[in-house]
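There's a structure below that I have some questions on.
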Amino acid sequence: MNYIKIENIFKSYSAELYNGLSFEFKAGAPCAIKGKNGSGKSTLLNVTSLHYSPDAGSVKYFSGSNELSIKEIRNAVGIVSPYFNPYDEMSMKHLAEFVSAGNENKLNSINRNYKVFEIDQSQIYGEMSVGFKQRVKISLAFNSETEFLLLDEPFTALDSFSKKLLQNLIDKNKKAVVIIASNNDEEFSFCKKEIVLD
Amino acid sequence: MIKRILFLLKKELFVEYRENKTMFCAAALALSCSFVFSFMASLTDFSGNYNFIFWTAVFFTVFPGLDKIFRYEIERKNMKFLLQHYDVNEIAISKFIFNFLLIFVSEIIVLASCLYFNNLRLSSGGMFVILVLSSFAIASSTLFTALLSAKSGGNFIFAISMMPVIIPLMIILFKINIFEVNSINFKNAILVFLYGFFYLLVSLKFSGYIIKED
């Protein structure tokens, strides 16, 4: 079983965000990160995705009993976040090729997601509406290699059709570790665990 | 790794093609610098010092475009997306190759216009070796300063940190007379290569720390 283990995380900017936070995010038990604005939900996702370093503590990824390397983690993590933005100048086709970097399975799964989310391959990312940009981020994150899903307010700007598709994708990925950071109760409906930051 | 660097390089060229700014600016600057420096030199004691005209025009041509390489991703908030899919060394190498191509193309344009504006003839094939080596050295040393300016978050940091890195290189390059067949100084050319190689190694060694955001 896949899981992420965070141990004794300390992180502070002008104020202290976490003081010895420990948790295990497990596959099959989607986890919600809740908290008021500025409580550090997005930062916790960034720390968990290893894009931010904690001041102290560790973040480890496991597939069964094997600890994953940084390279394996990058390949296995799918992120939907306002802070992870694809290039405005690239078309959907080029974005899929860029993200898959020659991995045919990954490319095919992204192209399948494009079809499901009704995304035209020739469209340029920078010329899309905010809702369609969110669909693209989801399509890129939910690929064949994804085993860990870190979602920061994933329903943002999505219409009801897309929200349903996203929920279906999460339901299908039962083997994936799913973490959702948000203040929107609608996004927590399928979560089985929660962390509340104050 | 090579395949992944090619995907990154394709992205750089694609974004450049869509934006159409850096190469266009470099070409325009190459022509204007070559003309202005040749004209000014003809009015002063620098008349006939084509080596000086050439390298000065090259420096003024390429620098405006060089610090863009990391700042582009930071300003557009693409860095996390990029780091999610590619390793820092792959990113640094692709940026280095892109800058190398930018400098080399700029040098060719400056050389062609210098030859034209000063009524000179191509003296030796050896000058192309110098162009390749100097492009390599300028690309790798400015990669280092671009990394520093990306971390510090300011264009002016690039300009300031560039001085101690680039001035020694300029001094060596000014001593390589590429317009005279028999006096090309290949000893200095090797020095240029070693200088570039040193900064490439330093850049790759520290790129992980420097690119990472906190």
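No value in this document is a laboratory result; all are computed from the given coordinates. Because the structure is predicted, anything quoted here is derived from the model rather than measured. So basically every Cβ, Gly included, is an ideal-geometry build from the backbone, and we count neighbours across all protein chains shown.
Label A:Val116 and A:Asp55 with points 7 Å out from Cα along Cα→Cβ: what is the distance between them in nm?
4.1
Cross-link partners among lysines for B:Lys187, C-alpha distance below 19 Å, same-chain residues fewer than 8 apart left out?
Filter leaves B:Lys175.
Which of B:Arg71, A:Arg135 comes first, and how do the rest follow, when ranked by fewest Cβ neighbours within 10 Å?
Listing B:Arg71, A:Arg135 from fewest to most nearby Cβ atoms yields B:Arg71, A:Arg135.
Here is a follow-up. How large is ³J(HN,Hα) for each residue in segment A:11-23, as worked out from phi by the Karplus curve 6.51 cos²θ - 1.76 cosθ + 1.60 (θ = phi - 60°), to whole Hz, x for Gly and Pro?
8, 9, 10, 6, 10, 6, 8, 10, 10, x, 6, 10, 6
Cα to Cα, under 16 Å, and not fewer than 8 places away if on the same chain: which aspartates and glutamates meet these conditions relative to A:Lys115?
A:Glu97
Can you give the Rg to Rh ratio for segment A:78-156, taking only C-alpha atoms and Rh from Kirkwood?
Dividing the radius of gyration by the Kirkwood radius yields 0.92.
Among bridges DSSP assigns within segment A:73-189, what percent are antiparallel (round to 5)?
10
Next question, about the same structure. Total Lys pairs in segment A:32-113 closer than 19 Å by alpha-carbon, pairs eight or more apart in sequence or interchain only?
So the count works out to 4.
Where Lys and Arg each count +1 and Asp and Glu each count -1, what net charge lies around B:Leu101 among other residues with Cβ under 13 Å from its Cβ?
That works out to -1.
Using the 2.2 N^0.38 Å rule of thumb for compact globular proteins, work out how segment A:39-198 stacks up: its C-alpha Rg over that value, please.
For segment A:39-198, the normalised Cα radius of gyration is 1.02.
Fewest to most neighbouring Cβ within 10 Å: what's the order for A:Phe10, B:Phe100?
Lowest to highest Cβ neighbour count: A:Phe10, B:Phe100.
At q = 0.09 Å⁻¹, what log₁₀ I(q)/I(0) does a Debye calculation on the Cα points of chain B give, no solvent, two decimals?
Computed log10 I(q)/I(0) values: -0.36.
I've got another one for you. Counting only DSSP beta bridges with both residues in the protein assembly as shown, tell me the antiparallel percent, nearest 5.
50
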